[in-house]
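The next block holds one structure in the form of structure tokens; read it before the comments.
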């Protein structure tokens, strides 16, 4: 297993990385501009991410167990006044991943994992916990599990849907959100 942090807006750098890899079985796209700016959200979270996925498809088609896992967000399913651009970009990508699944099956499985609020050092919720404890308490109360996700919990969902044990799973959006987005998907 290997990974690299790249600026997905630099498709040439992404292409060079793909060339260095040789073989590609699983692609995890974890991309976010984390911006309220519509142009930035759409150009980074949608256009650049789609370009990276499309660039990786030829390599994935040569694998016997190929999977693409996209890290979405529950913000793509819930309306929030402070994250319209971010949420819209994540919703667009969840739809693109479903469409990509329909296009690439049976050779490549494609899924989305949509985390809810996740607590990690240096992250938004970490800052809120330290600087605005009363706001953080409200965030905890809002979650049915009364806590935030640990990144390892989200990673385990990604690992599962990316591995051969999930060989019959594709086109799904997996919510790792502690029940925050409680609805049936049709």
Residue separation times 0.36 nm, minus the C-alpha to C-alpha distance between residue 43 and residue 155: what's the value? 37.8 nm
Which values, in whole Å and largest first, are the semi-axes of the equivalent ellipsoid of the chain obtained as the square root of 5 times each eigenvalue of the Cα gyration tensor? 28, 19, 16
Could you give the length gained on full extension between residue 99 and residue 55, defined as 0.36 nm per residue of separation minus the Cα-Cα distance, in nm? 14.2 nm
Determine, from the Cβ-Cβ distance of residue 10 and residue 141 and an R0 of 25 Å, the FRET efficiency 1/(1 + (r/R0)^6), rounded to the nearest 0.05. 0.05
Rounded to whole Å, √(5λ) for the Cα gyration tensor eigenvalues of segment 1-97, largest first, gives 26, 14, 10
Can you show me the helix-derived [θ] at 222 nm for the chain, built from DSSP H runs with n ≥ 4 at -39,500 (n - 2.57) apiece and divided by the number of residues, rounded to the nearest 500. -12500 deg cm²/dmol
Principal-axis tilt of helix 151-162 within the chain, Cα atoms, nearest 10 degrees: 30 degrees
What is the extension gain from residue 82 to residue 169, computed as 0.36 nm multiplied by their sequence separation minus the C-alpha to C-alpha distance, in nm to one decimal? 28.0 nm
Please work out the C-alpha center-to-center distance from segment 30-71 to segment 96-132 and express it in whole Å. 12 Å
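No lab work stands behind these numbers, since they all come straight from the coordinates. These figures come from a predicted structure and were not determined experimentally. With ideal geometry, Cβ positions are generated from the backbone for all residues, glycine too; neighbour counts draw on all protein chains shown.
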